[in-house]
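The values are calculated or read from the model by the stated rules, or taken from the named source; none is laboratory data. These figures come from a predicted structure and were not determined experimentally. Don't worry about glycine lacking a Cβ; one is built from the backbone with ideal geometry, like all the others, and counts go over all protein chains shown.
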């Protein structure tokens with residue numbers, strides 16, 4: 001499904017034409033997601049591999065993989081994406097695994113639109129809470145500010161989760177009707 005949106009006045013000159021949003025995953029997304037995550041400059045090698053593996057798993061298993069995607073793109077290619085899914089054994093909780101936008105899109109509002117549309121998809125599917133995990137390392141300060149600014153509350157910090165002195169922050173937001 002593709003949803004069209006006219007770019008806002010906050011967009012950059014690189015963004016010509018409409019931003020299209022789609023949920024369908026194609027084989028071209030494997031390399032596009034890999035490039036996007038690589039170009040972000042903050043993710044470890046294992047995180048980069050994981051991002052690509054989730055796309056591959058969705059391609060191989062379809063909806064049974066449990067991974068849902070929303071892509072934002074123009075005719076020029078992928079600008080950003082979100083990966084999310086229902087948390088097994090919960091009534092209405094979802095994880096937001098990834099939300100990444102190209103460097104050229106940072107500050108344009110694309111990440112906010114991807115997040116808003118992702119929350120809309122989750123809500124329409126019966127979701128009531130969205131959880132996000134991110135590192136407490138300084139490289140992830142922008143991510144933490146982004147979630148806070150968009151209504152997410154830091155629920156917990158798990159010390160030394162990823163590695164010594166690399167704590168995990170867990171954010172949550174209630175969405176939809178509860």
Original post:
Inside segment 39-58, can you point out the residues that are touching a residue at least 12 places away in the same chain (Cβ under 8 Å) and exposed (fewer than 15 other Cβ atoms within 10 Å of the Cβ)?
Top reply: 39, 41, 42
Subject >> Subset of segment 23-37 that is part of a helix (DSSP H, G or I) and touching a helix residue (DSSP H, G or I) at 6+ places or on another chain (Cβ under 6 Å) - its residue that is surrounded by the fewest Cβ atoms within 10 Å (Cβ to Cβ) >> reply: 34
Original post:
So which residues in segment 121-133 are surrounded by fewer than 21 Cβ atoms within 10 Å (Cβ to Cβ) and not in a loop (DSSP other than H, G, I, E, B), if there are any at all?
Top reply: 121, 123, 124, 129, 131, 133
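A quick yes/no check of all residues on (1) at pLDDT 95 or above; (2) within 14 Å of the chain's Cα centre (by Cα):
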| position | (1), (2) |
| --- | --- |
| 30 | yes, no |
| 42 | no, no |
| 52 | yes, yes |
| 97 | yes, yes |
| 125 | no, no |
Original post:
What are the pairs, 6+ residues apart or on separate chains, where a residue within segment 139-150 that is within 10 Å of residue 111 (Cβ to Cβ) has its Cβ under 6 Å from a residue that is in a helix (DSSP H, G or I)?
Top reply: 150/115
Subject >> Residue check, residue 161 touching a helix residue (DSSP H, G or I) at 6+ places or on another chain (Cβ under 6 Å), part of a strand (DSSP E or B) and farther than 18 Å from residue 23 by Cβ >> reply: no
Subject >> Positions within segment 84-113 being part of a helix (DSSP H, G or I) and free of Cβ contacts under 8 Å to residues at least 40 places away in the same chain, in sequence order >> reply: 111, 112
Subject >> Within segment 166-178, considering residues that are in contact (Cβ under 8 Å) with a residue 40 or more places away in the chain and in a strand (DSSP E or B), the one farthest from residue 106 (Cα to Cα) >> reply: 174
Subject >> When residues of segment 99-120 are limited to those that are crowded, with 19+ Cβ neighbours inside 10 Å and over 25 Å from residue 46 (Cβ atoms), the one modelled with the lowest pLDDT >> reply: 108
**OP:** Give segment 64-75 a look and list any residue that's within 23 Å of residue 113 (Cα to Cα) and either surrounded by fewer than 15 Cβ atoms within 10 Å (Cβ to Cβ) or touching a residue at least 60 places away in the same chain (Cβ under 8 Å) (or both), or say none.
**Re:** 75
**OP:** Considering (1) over 18 Å from residue 67 (Cβ atoms); (2) buried (at least 18 other Cβ atoms within 10 Å of the Cβ); (3) without any contact (Cβ under 8 Å) to a residue 24 or more places away in the chain, say which one residue 163 fails and leave the rest.
**Re:** (2)
Original post:
Can you find a residue in segment 56-72 that is touching a strand residue (DSSP E or B) at 6+ places or on another chain (Cβ under 9 Å) and assigned to a helix (DSSP H, G or I)?
Top reply: yes
Original post:
In segment 143-158, what residues are surrounded by 12 or more Cβ atoms within 10 Å (Cβ to Cβ) and part of a helix (DSSP H, G or I)?
Top reply: 143, 144, 146, 147, 148
